[in-house]
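I have placed the structure first, in the form of C-alpha cells, so that the comments after it can refer back to it.
The values are calculated or read from the model by the stated rules, or taken from the named source; none is laboratory data. It should be emphasised that the depicted structure is a prediction, and the values quoted were computed from it without experimental measurement. Heads up, the Cβs are rebuilt from the backbone with ideal geometry, glycines too, and the neighbour counts pull from every protein chain shown.
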Amino acid sequence: MLDKSKIGHEFEPVTFRVDEGRLRFFAKAIGETNPIHFDEAAAKAAGHPGVVAPPTFVGCLEMDKPDPFEMVSVVGGDLSKALHGNQTFVYHHPVYAGDHITYKSRIKNIYDKKGGALEFIDVETDAINQDGTLTAVIGQSVVIRNS
Amino acid sequence: MATQVNYDDVNVGDEIPTLVVGPVTRHDLALYCGASGDHNPIHTDSDFAKKAGLGDVIVHGMLQMAYLGRLLTDWVPQDRLREFNSRFTAMARPHDTITCTGKITEKFEEGGEKRVRVEIAAATDKGDTTLQGSAVVALG
C-alpha cells in the first residue's frame with residue numbers, strides 16, 4: 001500500500017527555461033504543423049512575443065527535474081507498475097520560448113480502487129512564469145497496478 | 001491552421017474537424033521521449049516493457065494528448081483554450097493509427113466570456129478508445 005501520510009506533501013520547487021530549440025524538437029515530435037510553435041518569425045508575425053509552447057508542453061517541462069517520477073517513489077510505489085491515469089490543465093497565461101517556469105507541486109490525494117488492486121496518486125502543480133504570473137494549474141493522476 | 005469560429009455559429013452536437021495521426025512508429029516514441037522529457041522506459045525499451053508485464057512498449061498517453069491539443073488548436077487559436085483534460089482509458093501500441101475527434105456538448109457564459117465545452121477522444125484503428133476528455137474554449 002502507498003504511504004497515505006504523504007497526502008499534502010509539497011515537492012521542492014524547480015525552475016526551467018523554455019528553450020526555443022526544445023520547442024522545435026517538441027513540435028516535431030508531436031507532428032505540429034503550425035509554425036508559431038517552431039518558427040520565431042511566424043510567431044511574431046502572428047502577434048506573439050516568441051515561439052508558443054503547445055498546450056501540453058507546460059506539463060512536460062517539469063519532467064526535466066532530477067527525479068520526474070518522485071511522486072511515485074516518495075509514496076513507496078514501483079515505477080514499473082505505474083501508468084498515467086488522468087491529466088488536466090487550467091490555462092491562465094501563454095508560455096513562450098525564453099520564459100522561466102517555476103513548478104510548485106503537491107500530492108493532493110492518495111486512494112485506491114478495486115480492493116487495493118489499483119492505487120492512485122493525484123498531484124497538483126502551479127506553473128508560474130518569471131513575472132510571477134500563473135500560467136497553468138496542472139493536475140496529474142498516476143495509477144499503480146498491484147495486480 | 002485555426003480559423004475564426006463564432007459562438008453564435010456553433011451548436012451543441014456539432015463535431016469539430018477530425019485529426020488522424022499515424023501509424024505511430026517506435027521512432028515517434030523515441031522522438032517524444034527526448035522532446036517531452038518523459039524518459040519512462042515503458043515507452044521505448046521493449047525489454048523493460050515486457051518485464052513490466054506490458055508485452056511491448058506503449059504509446060505515451062501524453063503524446064496522444066498532444067495530438068488532441070493539435071485537434072483543438074487546429075480548430076481555434078490556442079489562446080482561446082481555457083481547460084484541457086483527459087483520462088487515459090486504454091493503451092495504444094506502435095503501428096496504431098490514432099483518430100482524434102471532438103463534439104460540442106455545452107454552450108455557456110463564464111468569466112465574462114462565451115465558452116463551449118468540447119468532448120474529445122482519441123481512438124486507435126483497432127477500435128480502442130485510448131483517451132477521453134474535455135476542453136473548454138472561449139469563442140468570440
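If you go through the range A:39-65 and keep only what is more than 9 Å from chain B (Cβ to nearest Cβ) and assigned to a helix (DSSP H, G or I), you end up with A:40, A:41, A:42, A:43, A:44, A:45, A:58. Among the residues of the range A:93-146, those identified as among the small types (Gly, Ala, Ser) and in contact with a Leu (Cβ under 8 Å, 6 or more places away or on another chain) are A:97, A:127. Taken over the range A:66-87, the criterion of being among the small types (Gly, Ala, Ser), without any contact (Cβ under 8 Å) to a residue 40 or more places away in the chain and within 9 Å of another protein chain (Cβ to nearest Cβ) is satisfied by A:80 alone.
A single entry from B:32, B:67 fulfils the requirement of being outside any loop (DSSP other than H, G, I, E, B), of a type in the set (Phe, Trp, Tyr), touching a strand residue (DSSP E or B) at 6+ places or on another chain (Cβ under 8 Å) and modelled with pLDDT of 95 or more: B:67. Return the residue satisfying two criteria in turn: it lies in the range B:15-28 and is part of a helix (DSSP H, G or I) and more than 9 Å from every other protein chain (Cβ to nearest Cβ), and of such residues it is surrounded by the most Cβ atoms within 10 Å (Cβ to Cβ). Per the stated criteria, the residue is B:26. Among the residues of the range B:56-76, is any away from chain A (no Cβ under 12 Å) and not basic (Lys, Arg)? Yes, the range B:56-76 contains a residue that is away from chain A (no Cβ under 12 Å) and not basic (Lys, Arg).
Looking at B:108, B:84, can you tell me which residue is of a type in the set (Phe, Trp, Tyr) and within 13 Å of chain A (Cβ to nearest Cβ)? Please lay out each step first, then the result.
Numbers: B:108 fails: within 13 Å of chain A (Cβ to nearest Cβ).
Just a single option satisfies the conditions, and that option is B:84.
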